[in-house]
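Structure first, commentary second.
What follows draws every value from the coordinates through simple rules; no lab data is involved. All figures in this text were calculated on a predicted structure; none of them were measured in a lab. Cβ coordinates were reconstructed from backbone atoms using ideal geometry, including for glycine residues, and neighbour counts include every protein chain displayed.
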Amino acid sequence: MAAEPNAAPARPSDTTNHGMRVVVAWLVLSAIATPLVAIFVGHLIPPGNASTQGTEQVFDNTWMLGILTPVICAVPGAVVDGPPLRNDSQIQVLWIVITSTMVLFLAGFGTYELLQNGAGGGQGPNPIAVPTGPKLQVQVIGQQWQFTYRYPSLGNIESNQLVLPADTDVELHVTSLDVIHSFWAYELGVKADANPGTDNVAFVRTKGTGTFHVRCAELCGLWHGYMYNNGRVVDSAQFKSWASQAKKIYASIKPYMDKPEAQGGAPFGHTYLPAPERRAG
Amino acid sequence: MRVGVKLLLIAAAVTAAGVLIGFYVSHLTKLAGSPAYSVPVQNAGSGHPVVNLEIQTVAAVGPKLSQNPNWVSYLVKDNGQWERKTVWDLPAHATVNVTIYNFDGASALRNPFYARPQGMVGNRIMVDGKPVDHIDPNDASHTFAVPALGIILAIPGVADDAKNQCGYAPCQMSNAHRTIKFTFHTTTPGHFRWQCFVPCAAGWIDGFGGPMQTIGYMDGFLNVKAA
């Protein structure tokens, strides 16, 4: 009796076992690779451990790199395609189930991470994932081509360097005075769009003292590439001292910082709208 | 095509793109059309160089100096002539005495934070001969800012009703103007961009197009070079 032309080729009897062996080998190798990745390249994994959110991202990146490592190592030996598998419903179902499970797991895991504390991302003007407890409010103001930072709870002082106290929950209100920018405090694991007329709220909990990089992550014009700076996380005493010093330094412009925007000032507000063009020249 | 050949081609394409981008960035100032101006050193032999930098800010650069005559611009005094050059070579570890003559009206700062001069000697500037530690943000015409050196200062504008206002540049000292003086020190060699923070580009959306986005007008570089 002749075989039908589109019939599935006979699968080797050990195909299922082979697939199972691959999965088991992957799991075992991943379990071995993950701690090795953490030990040997953990310090290189972005974004760093300057904040709780940053540490969580390092953890995620570490285990993802851990389960990828066996695949990466196996690729050189797997470049040659195997025999084609056609009309094999078992393989098709397995493929759909596995890939769907992976996608749903990543979606669920991502949602869980976001709902914990926002994962360092901007949540818009009405954040859902709000950490409990007191928080230091800082308004991050993007302007072509520099970020400045206003501290409403410290008398509206403003600085062109982001200085934060260690082990503190910080509520960042990110906005822009002109075009779209993106506030990216790399080692803190914070990235939030800075849009004109929008108050984009992000949360971060600082850890130990140190420095971090801030740069714009949205192409914003001529000097976008130069729109970077260093920030500092300092201990509580140093932060108080810095704030006290800043109040003295910027005392001469405090009346303008405190004035309502309608009267030509620019007080802290959750929405920082650009002033109309008033060029006389 | 073999995998190795494909990878080689991709690597070659990425390298070529990287070289082109690097070439563009390294030649950014030349491609942007602003020749460099080496600010003459007053006392090169003394070990502590001093330079004097004279600048104009004008509302309209004029047809003699640009193909965009209505663009707002900085000009620098080079050998007695006002030139549209915004890339300035300065010696390292030098004292730089800057004089800015502003012939433009006020536009106002978007952020009053920039109303306080900082980064120069004493964190003060002289405006028309008087020392000031801030200006009214609404009176600001332009700023001169070198963010990497921490230098920011707002330049007050000419009153709207001032007589004999300058039309096209180069402007004369008989035209209505404000005079701003300050001193700063250069540090180690480096390539530092400077810019204006006031959205002063008339006719562009929110005042931030054209001359604000083009080196040679309201933006430039300080090339701080070892003596």
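Couple of notes before you dig in:
- Cβ-defined net charge surrounding B:Ile125, 9 Å radius [Lys, Arg +1; Asp, Glu -1]: +1
- Summing +1 for each Lys or Arg and -1 for each Asp or Glu among the other residues whose beta-carbon sits under 14 angstrom from that of A:Val201 gives -2.
- Here, segment B:128-186 yields an orientationally averaged convex hull projection of 5.4 nm² when only Cα atoms define the hull.
- Taking 7 Å steps out from each Cα toward its Cβ at B:Asp161 and B:His48 produces label points 4.7 nm apart.
- Residues B:His185 and A:Leu114, FRET efficiency given R0 of 45 Å [Cβ-Cβ distance, rounded to 0.05]: 0.40
- Fully extending the segment from B:Ala13 to B:Asn70, taken as 0.36 nm per residue of separation minus the present Cα-Cα distance, adds 16.3 nm.
- Top of B:Leu90, B:Leu20, B:Leu149 by mean-square fluctuation, Gaussian network on chain B, Cα under 10 Å: B:Leu20
- FRET efficiency estimate (nearest 0.05) - Cβ-Cβ, A:Ser244 to B:Trp204, R0 45 angstrom: 0.65
- Above-threshold pairs, the threshold being 32 Å between Cα atoms, out of A:Lys135/B:Lys181; A:Lys254/B:Lys181; A:Lys240/B:Lys130; B:Lys64/B:Lys181; A:Lys191/B:Lys85; A:Lys135/B:Lys130: A:Lys135/B:Lys181; A:Lys240/B:Lys130; A:Lys191/B:Lys85; A:Lys135/B:Lys130
- Proximal aspartates and glutamates to B:Lys77, defined as alpha-carbon separation beneath 15 angstrom and excluding residues fewer than eight positions away on the same chain: B:Glu54, B:Asp89
- Exposed loop sites here are trypsin sites (Lys or Arg not before Pro) assigned a DSSP state other than H, G, I, E or B and surrounded by at most 13 other beta carbons within 10 Å; excluding them, the longest clear run of chain B is B:65-162.
- Whether segment A:135-271 is rounded, prolate or oblate, judged on the alpha carbon gyration tensor where a/c under 1.5 counts as rounded: oblate
- Under the Karplus curve 6.51 cos²θ - 1.76 cosθ + 1.60, θ = phi - 60°, whole-Hz ³J(HN,Hα) for segment B:5-21, x wherever Gly or Pro sits: 5, 4, 4, 5, 5, 4, 4, 5, 5, 5, 4, 4, 4, x, 5, 5, 5
- GNM on chain B, alpha-carbon springs under 10 angstrom: the most fluctuating residue among B:Ser66, B:Ser174, B:Ser107 is B:Ser174.
- Added length on full extension, which subtracts the Cα-Cα distance from 0.36 nm per residue, A:Ile98 to A:Ser236: 44.7 nm
- q = 0.05, 0.11, 0.12 Å⁻¹, the protein assembly as shown: log10 I(q)/I(0) [Debye, one scatterer per Cα]: -0.29, -1.01, -1.13
- Cysteine residues of the protein assembly as shown whose Cβ has no partner cysteine Cβ closer than 4.7 Å: A:Cys73, A:Cys216, A:Cys220, B:Cys196, B:Cys200.
- A Gaussian network model of chain B, with springs between Cα atoms under 10 Å, assigns the largest mean-square fluctuation among B:His134, B:His142, B:His48 to B:His48.
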